[in-house]
Amino acid sequence: MKKLLFAASFIALFFVFSTSNTSAQALYFFVVNNTGVTLNNIYVTPAETNSWGGDILPNDLFENGSSVRVDIPSDYGTTCKFDMKITDLEGNAVIFTGMDACKLHTLQINWDGTYSASE
């Protein structure tokens, strides 16, 4: 009887964890650096929060003319609206707010602080 209870508990726990992982989003988009400078950090946070998470830039540096894939951490939940902060080597930052990561495919950031987005 104990073995049956243990097996049932294990299966129930497996189901709970596998269900929560499948409901997590796998959001990502590409950022093209068209700024003329090397960037060194990308921070992304759900739009409804007031603090930045960790740097999610996959490399140490983000050279001008290159692109990177930005993966939204799955522990951010099911929201689609995100804010993004990008910094350069001199500490300058550009912040983009209310981006819809569920629709965003490519974000090109430009030297004058503007951007263009494609879905």
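Here, each number is a calculation from the coordinates, and none is a lab measurement. For clarity, every value in this text was computed on a predicted model and none was experimentally measured. Neighbour counts are summed over all protein chains in view; Cβ atoms, including those assigned to glycine, are modelled from backbone coordinates with ideal geometry.
Overview of results
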item: Mean Cβ neighbour count within 10 Å, used as a protection proxy, ranking 97-108, 80-91 highest first; result: 80-91, 97-108
item: Estimated translational D of region 42-110 in µm²/s (Stokes, Kirkwood radius over Cα pairs; 25 °C; 0.890 mPa s); result: 192 µm²/s
item: Ranked packing of 30-39, 57-66, most packed first, by mean Cβ within 10 Å; result: 30-39, 57-66
